[in-house]
Amino acid sequence: MTIYLDAVWTLNFFLDMMLLMLTQLLARHSTRKIRIFFGAFVASLLVPISLYFPESFIISVPGKLIYSFLIIICTFGIGSLNRLAKLVSLFYFVTFVIGGGLLGIHFLFQNPIGISGNGILTFNSGYGDPVSWLFVLIGFPIIWLFTKRRMDKHVIEKIRYDQLCPVTIEIKEKAFSTSGYIDSGNQLVDPLTKKPVIICDETFLKQWFTEQEWKLLREVHENFNLEKLPAAWTNVIQFVPYQGVEGKSNFLLALRPDNLTVHYEDQRIITSNILVGIQFAELVKDQSYHCLLQPQIIKLATISTA
């Protein structure tokens, strides 16, 4: 049997990279793309090691477990021991879910695919069975997307609504904090950028503006007169179309923040991939909160232990 190492190695590299990407997305830990690339390269080294050193300690179960920690360290760094163990567990969970999904599809359609003690082999001779290669190349991304969407939905379902959270917003290098309310009814998303939109009231937002600038913004909101936009804020403000409860279409003035930080339970959620809608009034009379949070930020943002 002829095995083309470069082809198998390349396929394994891309599969490992997708597994690490899914691990990062589900864990919502920030890491640079180059580190994911490097982690996938380290993981793919198991292919030549398995072929040239089949009796190596790394091929054993304890060796693979230790090597998994090395892969995660190369991708996400060390951090705390607890964080490292959670990432390794999630990496194995993702691997088993994707592998189980592929096996399920294989048995459903009875695709020829070989299995060994080292994992799934997609070659029989030469460049392998074209059907099995096609099966992995097409099936793996489908299972990957399905798993990501299901886990994202699971995160949304676990969100505790009707909860106040400390919120810090940074705009134009100025940051202020307030209390935010996770509102299950706020599903507003900008249709162009697909960014979730949170709503903040004027009591909180006026801290970034002079009285004259806020007056001009109110005129823009009431009369849709774009010429009244404050010159210093034209690159930060945009309009978000939405449909009100009465069915009428309207536009919401929104700000593009530098950063949003939300303390949710024992985690600190950080994102810049949102818009801050302007409410030209108070959200609640008792001033208990000044921000309506969009539930999607809980799953889209990077999370670190607080």
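The table for this structure:
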item	result
Förster radius 41 Å - calculated FRET efficiency between Leu70 and Arg218, Cβ distance, rounded to 0.05	0.10
Cut-off 10 Å between beta-carbons: net charge of the residues surrounding Asn235, Lys and Arg +1, Asp and Glu -1	+2
Spatial separation of Cα centroids for the range 30-61 and the range 205-242, in angstrom	53
Too-long pairs where the Cα-Cα distance tops 20 Å, listed order kept, from Lys174/Lys206; Lys206/Lys228; Lys194/Lys228; Lys172/Lys206	Lys194/Lys228
For q = 0.17 Å⁻¹, Debye-computed log10 I/I(0) when each Cα of the range 6-56 counts as one equal scatterer	-0.53
Sorted peptide list for 169-175, 283-289, criterion being average Cβ within 10 angstrom, highest first	169-175, 283-289
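Bear in mind that the values in this text are calculations on the coordinates, not laboratory data. The model shown is predicted, which means the values in this text are computed figures rather than measured ones. Quick reminder, even Gly has a Cβ in these numbers, built from the backbone with ideal geometry, and neighbours come from all protein chains shown.
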